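> Here's a structure for you.
The values are calculated or read from the model by the stated rules, or taken from the named source; none is laboratory data. Model, not experiment: these values are computed from the prediction. With ideal geometry, Cβ positions are generated from the backbone for all residues, glycine too; neighbour counts draw on all protein chains shown.
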Amino acid sequence: MLVIRRRSGEVVLIGRDVQIEVLEVTGTQVKLGITAPKEVLIMREEVHITRQQNAAASGEISTLELASLARQFCK
């Protein structure tokens, strides 16, 4: 992991296309501005983890279980 110290208004470049600017530092929070091409996905880690968990959970039900649930609702 690369650790870089930046102050408000300073920028970090990632490659040629991604720019991260420190907009504000207050207490324990940092506000970042990110400039990147539209095809670059930018997401908070907790959102990414939730998406992975949801995808994994949605794939755990078998066709037989789904058919059983459907029969219960059709009664």
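> Every residue in the range 54-64 that is surrounded by 10 or more Cβ atoms within 10 Å (Cβ to Cβ) and at pLDDT 80 or above, please.
Asn54
> Hey, another quick one. Mind checking which residues of the range 23-37 are closer than 12 Å to Arg6 by Cα and more than 19 Å from the chain's Cα centre (by Cα)?
Result: Leu23, Glu24, Val25.
> A follow-up question, please. Among the residues of the range 47-57, is there at least one that is closer than 21 Å to Leu2 by Cβ, β-branched (Val, Ile, Thr) and under 18 Å from the mean Cα position of the chain (by Cα)?
No, the range 47-57 contains no residue that is closer than 21 Å to Leu2 by Cβ, β-branched (Val, Ile, Thr) and under 18 Å from the mean Cα position of the chain (by Cα).
> Exactly one of (1) in contact with a strand residue (DSSP E or B) (Cβ under 9 Å, 6 or more places away or on another chain); (2) surrounded by 11 or more Cβ atoms within 10 Å (Cβ to Cβ) is unmet by Arg51. Its number?
With (1) in contact with a strand residue (DSSP E or B) (Cβ under 9 Å, 6 or more places away or on another chain); (2) surrounded by 11 or more Cβ atoms within 10 Å (Cβ to Cβ) applied to Arg51, the lone miss is (1).
> Is it the case that Ser68 is surrounded by 10 or more Cβ atoms within 10 Å (Cβ to Cβ), more than 30 Å from Val12 (Cβ to Cβ) and either in contact (Cβ under 8 Å) with a residue 60 or more places away in the chain or hydroxyl-bearing (Ser, Thr, Tyr) (or both)?
yes
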